[in-house]
Every structure is written in structure tokens, then in C-alpha cells.
Amino acid sequence: MIFSKKYDFVAIGDITTDAFIRLKEASVHCDVDTSACQICMNFADKIPYEFVEVVKAVGNSANASVAGARLGLSSALVSDLGMDTNGDECISELKKNNVSTKYLSRHKNIQTNYHYVLWYEAERTILVRHNEYPYTLPTITAPKWLYVSSLGGASERYHEEIMDYVEKNPEVKVAFQPGTFQMKLGVEKLKRLYARTEIFVCNVEESRRILNTEEKDIKKLLVGIAGLGPKIVVITDGPKGAYLYDGNKSYFMRIYPDPKPPYERTGAGDAFASTFVSALALGKTVLEALRIAPVNSMSVVQYVGAQKGLLTLAEIEEWLAKAPADYWPKEI
């Protein structure tokens, strides 16, 4: 099907429902040498939980499409889901958030993705299952920005379609926030996508995985990712802040101070990445976008799920007006 409307922001990636299970009796054990941690519960036992909260229409790209719409962009999502009640509810949620559903593909006999989130203290461990869809890229009227993120393991050929599309539409600016399967595919198979990427966002651990390195120097990681093709690279480091390389200079941006301790951290990275790209789509400079993005992350972690705390541009500007004096990007 062909749709003629030109959107500011079109995100491509899987959609899911997240069921947040608030754990009551668990513990966390960390390896001192590697900082790797494990959540532990009694085996073969009945584990009490406090409550369950179900959040519809989430996932990296769905979260990004909602963030863009909340900030005032015309936004659409390209995704696959089942012909089931869960799919109906996800579509209803997207519409409620002013995200166009014209590019969604529905499939009989395949369920819409459903994930379980084990939520303990402010962190979460997600049990994921990506259903295998017969991915096909719809005919998309070239948007200002195309935001590519997490897709399931049966999407290698689909990535070829996406790369063909961005090469045939050079006017489209590409943002790439890779998911687990995209990192497993490796740089070589996605080199055309890396080459067309305007904005690349990942976290520190992911940057090392992509570059197949144990490098600790953040500036070397930034330059290493840029060497794969992206014009602007952003590497986030959780509560430690974020780093940016524009091909010439590197910058550090601290987090926006939390007004109270984080409630639940799901979606903080998605909020940062999509807000950064959306700010550029709204005409902000790179450094302005770098200052804006952490505000949405700060807000998201005050709520359950990745979307409830997403702010409008006016709300972000209110937070910026009362930011600390040193809340500015710093060249490093």
C-alpha cells in the first residue's frame, strides 16, 4: 500500500507489550571484578510479588515514535504484530499517543510480542520473545528522519530492504539505535546502514560489543564507532551521563538531576536517543539536543514503563529553565 503523507519522524522496529512484575523477595549479587550482576530468587519455590502493571505498545522504536509525537513531530511507526487482542490494544495505544499506524502490518496465526519484566528496586530484567514475522518494508513516503532500532532474529533480509531504501532516498536522515539482533548481525552485514547513519546511539557496553574491544577510553570508542560511518555518535553511560562525537570534537553531558530517586529505569535509553533525534528534527543544534535529551530520561524513570513519563517540548523547557548552572555540554 502507498501512503502519501510525509512524516517528520518514522521509526522502524518491533512492538511489544511489557508486563512489569514488581518483585518482593529477591537479591542481587555482583562480580567485583567485572561488575556483572545477577538477580537471584529461591529455586523451586513460590516467590511473592507486589503487583503487575501491563504497558502496551512499547519497544525501542515504538517508544521513539511516541517520544517524537509527544515533542510535536508528525510521527509514524513501521512494525509487525499479530491479528490478536494484544495487537488491537497496541494499535489503540499508539493512536492515543498520536502515532500514525498506517505502516503497521498484521499477521494471522502469529501473536503480537509480549515480554515479562522482572522489576526489582529501580532496575529490571526483561524476559523477551521476539516472534518471527514475514517482515516486508511498506512503501513509505520519504520522511525527514528514519529511526531504525530493535528487530527480531528473522529480519536479516528485512535489513537489506531497509538499506536499499535509505540508499534510494538520500534526502532521508537516518538515526540508528541498534538492538540485540542488529549487534549480533555484525558491522559487515549492516555496513550500508552504518554508512548512511546521521545519528548513532548506543551505550558503553554496546559500543564495546559492536567494536569487539575491551577499550575503556570513551573517546576512542566514540571515534571507533564514527569510523564505521555515522556522522554523529552518542554513547550513553547510564547515570554517569552521555558522550558525543561530531567528527571533530567530543563532548560530555551530565544527567539532569533526579527530583527524587528513580522508580523504574525501563526506557531511559530510548527516551534519550529518540529525544536527541527529535530535537534535531525540531531544528535544535547538536549541543542543544544533547542538553535536552537527558531531561526526558530523568522524567521517564519516575514512572513505570518507557512512555508514561515522556514530556512535551514545553515541559522540557520548563525543566531546563530551572536546571543547575553547570547543566551544559562540556568539551572533553
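The values are calculated or read from the model by the stated rules, or taken from the named source; none is laboratory data. This is a predicted model, so every value here is computed, not measured. Positions of Cβ are backbone-derived with ideal geometry, glycine not excepted, and every protein chain shown enters the neighbour counts. Ligands, DNA and RNA are stripped out before the accessible areas are found, and what is left, the full protein with its side chains, is counted by its heavy atoms. Shrake-Rupley method; radii C 1.70, N 1.55, O 1.52, S 1.80 Å.
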**Message:** Against the condition touching an Asp or Glu at 6+ places or on another chain (Cβ under 8 Å) and β-branched (Val, Ile, Thr), how does Val277 come out, does it pass?
**Reply:** no
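So that you can scan it fast, the table gives a plain yes or no per residue for (1) of a type in the set (A, V, I, L, M, F, W, C); (2) in contact with a strand residue (DSSP E or B) (Cβ under 7 Å, 6 or more places away or on another chain); (3) free of Cβ contacts under 8 Å to residues at least 24 places away in the same chain:
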{"site": "Asn169", "(1), (2), (3)": "no, no, no"}
{"site": "Val174", "(1), (2), (3)": "yes, yes, no"}
{"site": "Gln177", "(1), (2), (3)": "no, yes, no"}
{"site": "Thr180", "(1), (2), (3)": "no, no, no"}
{"site": "Glu198", "(1), (2), (3)": "no, yes, no"}
{"site": "Val201", "(1), (2), (3)": "yes, yes, no"}
{"site": "Ser207", "(1), (2), (3)": "no, yes, no"}
**Prompt:** Out of curiosity, is Thr112 of a type in the set (Ser, Thr, Tyr) and either touching an Asp or Glu at 6+ places or on another chain (Cβ under 7 Å) or loosely packed, with under 14 Cβ neighbours inside 10 Å (or both)?
**Reply:** yes
**Prompt:** Is it fair to say Thr285 is under 20 Å from Lys322 (Cα atoms) and modelled with pLDDT of 95 or more?
**Reply:** no
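Of all strands (runs of 3 or more DSSP E) completely enclosed by the range 1-115, which ones contain at least 2 residues that are touching a residue at least 60 places away in the same chain (Cβ under 8 Å), on the phi < 0 side of the Ramachandran plot and among the aliphatic types (A, V, I, L, M)? Full working, then the answer.
Values: elements: 9-12, 16-23, 27-30, 37-40, 49-58, 75-82, 104-107.
Qualifying strands (runs of 3 or more DSSP E): 9-12, 16-23, 49-58, 75-82.
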**Asked** more than 19 Å from the chain's Cα centre (by Cα) and hydrophobic (A, V, I, L, M, F, W, C) - does that describe any residue in the range 252-261?
**Response** yes
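One line per residue, one yes/no per condition, for (1) under 26 Å from Leu190 (Cβ atoms); (2) in contact with a Ser or Thr (Cβ under 7 Å, 6 or more places away or on another chain):
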{"residue": "Gly229", "(1), (2)": "yes, yes"}
{"residue": "Ile232", "(1), (2)": "yes, no"}
{"residue": "Tyr245", "(1), (2)": "yes, no"}
{"residue": "Lys249", "(1), (2)": "no, no"}
{"residue": "Met253", "(1), (2)": "no, no"}
{"residue": "Tyr263", "(1), (2)": "no, no"}
**Message:** It is to be established whether one or more residues within the range 118-133 are open to solvent by less than 30 Å² (accessible area, probe 1.4 Å), more than 30 Å from Ile47 (Cβ to Cβ) and not aliphatic (A, V, I, L, M).
**Reply:** yes
**Request:** For the range 128-149, state whether one or more residues are over 18 Å from Val58 (Cα atoms), in a strand (DSSP E or B) and in contact with a Gly (Cβ under 9 Å, 6 or more places away or on another chain).
**Result:** yes
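Quick one: how many residues across the range 36-63 are under 30 Å from Ala175 (Cα atoms) and open to solvent by 90 Å² or more (accessible area, probe 1.4 Å)? Full working, then the answer.
First, pick out the residues of the range 36-63 that are under 30 Å from Ala175 (Cα atoms): 36, 54-63.
Next, only the ones that are open to solvent by 90 Å² or more (accessible area, probe 1.4 Å) stay: none.
Qualifying residue count, the range 36-63: 0.
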**Message:** If I ask for residues that are open to solvent by less than 30 Å² (accessible area, probe 1.4 Å), in contact with a Lys or Arg (Cβ under 6 Å, 6 or more places away or on another chain), at pLDDT 95 or above and at negative phi, which ones from the range 240-278 would you list?
**Reply:** Ser250
**Message:** So, in the range 55-85, exactly how many residues are more than 16 Å from the chain's Cα centre (by Cα) and small (Gly, Ala, Ser)?
**Reply:** 3
**Prompt:** Would it be correct to say that Ile12 is at pLDDT 95 or above, touching a helix residue (DSSP H, G or I) at 6+ places or on another chain (Cβ under 7 Å) and among the β-branched types (Val, Ile, Thr)?
**Reply:** yes
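Could you look through the range 202-216, keep only residues that are open to solvent by less than 100 Å² (accessible area, probe 1.4 Å) and part of a loop (DSSP other than H, G, I, E, B), and pick out the one that is farthest from Val187 (Cα to Cα)? Quick ask: steps written out before the conclusion?
Filtering the range 202-216 for residues open to solvent by less than 100 Å² (accessible area, probe 1.4 Å) gives 202-204, 206-208, 210-211, 213, 215.
Of the ones still in play, those that are also part of a loop (DSSP other than H, G, I, E, B) are 213, 215.
Working: Thr213: 13, Glu215: 17 Å.
Across the range 202-216, the extreme among qualifying residues is Glu215.
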